[in-house]
Amino acid sequence: MSTSTLTQQVREAKHVVVFTGAGASAESGIPTFRDSLTGLWKRFDPAQLATSEAFRADPALCWGWYEWRRLKVLQAQPNAAHLAIAELAKHVPRLTVVTQNVDDLHERAGSRDVIHLHGSLHSPRCIDCGLAYPLPLTSDALPEDGCRIEPPRCTACNGYVRPGVVWFGEMLPEDAWSAGLAAAEECDVFLSIGTSGIVYPAAELPLRALGQGAVVVHVNPVLFDVSNQEHFLQGSASVMMESLLRESFGDLPAS
Ligand code: OAD
């Protein structure tokens with residue numbers, strides 16, 4: 001599909017779904033999952049830390065890693081891609097953001113009612129009784145480089161507090177999954193931005209959208225195979241989303 005056809009589809013869309021992965025936050029300085037980790041975390045594989053087994057085996061190691069990620073998010077700012085997505089919502093009748101990210105950068109850029117398929121770093125809860133545990137929204141008490149940190153204890157049952165994210169092997173939150181699926185099946189344009197598309201069931205959403213006749217566009221600096229019916233915009237999320245916005249509506253996000 002030519003760029004002008006794509007921009008026309010975006011202009012005429014009744015419902016746009018923006019589906020994001022870690023690549024959408026990469027330009028805010030948040031490492032993606034499949035980047036190698038830096039500093040003290042270099043020798044760990046994120047996939048090994050993001051499981052309930054990892055937490056139960058070594059709560060301080062796992063909690064320390066998530067606190068390091070939370071620190072990165074607290075120090076980060078939304079980037080031009082987050083801003084362009086929030087701006088795009090002002091130009092189309094309906095836009096739904098469905099994210100695999102556990103940060104709050106879409107919200108901080110101005111997107112509303114973001115569907116978080118994989119939970120949030122900012123909503124920890126007791127691993128035993130599920131009671132929510134409020135964490136301060138400042139980075140004051142967090143160590144710079146990350147290290148082992150003993151998780152807090154639940155105020156009700158003394159169980160360990162765990163991160164509010166979905167771990168490998170866990171079900172997605174049912175309300176988020178059904179809302180994401182409904183949006184994917186109902187939209188006419190589906191923009192899949194900065195995701196490796198290998199973690200299911202989230203990775204099913206572009207296929208569901210395609211199956212219902214939506215225009216599906218992948219935005220990624222690294223080219224990968226897509227079917228004949230899908231489209232690829234090769235480049236960073238910020239550059240591609242700003243140019244899609246500008247070419248569709250002649251507009252740029254306010255910074
Ligand atoms: P990944 O780390 O698997 O993939 C990040 C993608 O972003 C890659 O395809 C990169 O090429 C791309 N990328 C990097 N920089 C980019 C940029 N500036 N602009 C656009 N794209 C860029 O992250 P996810 O696909 O989000 O799940 O991973 C999916 C899930 O796997 C995560 O939500 C997490 C993880 O395990 C859970 O925690 C359950």
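Label-point separation (nm) for SER123 and ALA156, each offset 7 Å from Cα along Cα-to-Cβ?
Spacing of the two 7 Å Cα→Cβ label points: 1.6 nm.
Tell me the trypsin sites (Lys or Arg not before Pro) within segment 58-91 that lie in a loop according to DSSP and have at most 14 other beta-carbon atoms within 10 Å.
Answer in residue order: LYS90.
Quick one: with all protein chains in place, what share of the accessible area of segment 1-71 is carbon or sulfur, to the nearest percent (1.4 Å probe)?
Working: 1550 of 3150 Å².
On segment 1-71, the fraction of accessible area on carbon and sulfur atoms equals 49 percent.
About the Cα centre of segment 197-255, what is the dipole size in debye to 20, counting +1 per Lys and Arg Cβ and -1 per Asp and Glu Cβ, all else neutral? Before the final figure, lay out the partial values.
Values: 2 positive and 6 negative charges, 14 e Å.
That gives segment 197-255 a dipole magnitude of about 60 debye.
In whole percent, how big is the carbon plus sulfur part of the accessible area of segment 124-243, probe 1.4 Å, protein atoms only? Can you show the working numbers first?
Numbers: 3290 of 6180 Å².
Here carbon and sulfur together make up 53 percent of the probe-accessible area.
Tell me, what is the FRET efficiency for PHE232 and GLU53 to the nearest 0.05, using R0 = 41 angstrom and their Cβ-Cβ distance as r?
Details: r = 36 Å, r/R0 = 0.89.
Calculated transfer efficiency: 0.65.
Multiply the residue separation of GLU247 and PHE168 by 0.36 nm, subtract the distance between their alpha-carbon atoms, and state the gained length in nm to one decimal. Display every interim value, and only then the final one.
Working: separation 79, 0.36 × 79 = 28.44 nm, distance 3.87 nm.
Full extension from GLU247 to PHE168 adds 24.6 nm.
Please list PHE33, PHE232 in order of solvent-accessible area, largest first, computed with a 1.4 Å probe with all protein chains present.
Values: PHE33 70, PHE232 50 Å².
Output order, biggest surface exposure first: PHE33, PHE232.
Show me, for segment 117-129, the HN-Hα J-couplings you get by feeding each phi into the Karplus relation (A = 6.51, B = -1.76, C = 1.60, θ = phi - 60°), rounded to Hz, glycine and proline as x.
Values, residue by residue: 5, 10, x, 9, 5, 9, 10, x, 8, 5, 5, 9, 9 Hz.
If amide H atoms are built 1.01 Å from N in the plane of the peptide, which residues on other chains or at least 5 residues away come under 5 Å of the amide H of ARG162?
Long-range HN contacts for ARG162: ARG125, CYS126, ILE127.
If you average 1/r across every pair of different Cα atoms in segment 161-255 and take the reciprocal, what Kirkwood value do you get, in Å?
On the way: mean 1/r = 0.0668 Å⁻¹.
Computed over Cα pairs of segment 161-255, the Kirkwood hydrodynamic radius comes out at 15.0 Å.
Per residue, how large is the accessible surface of segment 1-107? Use a 1.4 angstrom probe and give square angstrom.
41
Once the Cβ-Cβ distance between LYS14 and ARG148 is put in as r, and R0 is 41 Å, what FRET efficiency do you end up with, to the nearest 0.05?
E(calc), rounded to 0.05, equals 0.25.
On a 1.4 Å probe surface of the protein chains, which of TRP177, TRP167 comes out largest in accessible area, and what is the full order?
On the way: TRP177 50, TRP167 5 Å².
Ranked from most to least accessible, the order is TRP177, TRP167.
Starting from the eigenvalues of the Cα gyration tensor, five times each then square-rooted, give me the equivalent ellipsoid semi-axes of the chain, largest first, whole Å. Provide the component values of the computation, followed by the final result.
Working: eigenvalues 223, 67, 56 Å².
Rounded to whole Å, the semi-axes are 33, 18, 17.
The values are calculated or read from the model by the stated rules, or taken from the named source; none is laboratory data. Worth saying up front: this structure is predicted, and the values here are computed from it rather than measured. Note that each Cβ is placed from the backbone with ideal geometry, even for glycine, and that neighbours are counted across all protein chains shown. These accessible areas exclude ligands, DNA and RNA; they are computed on the full protein's heavy atoms, side chains included. Shrake-Rupley method; radii C 1.70, N 1.55, O 1.52, S 1.80 Å.
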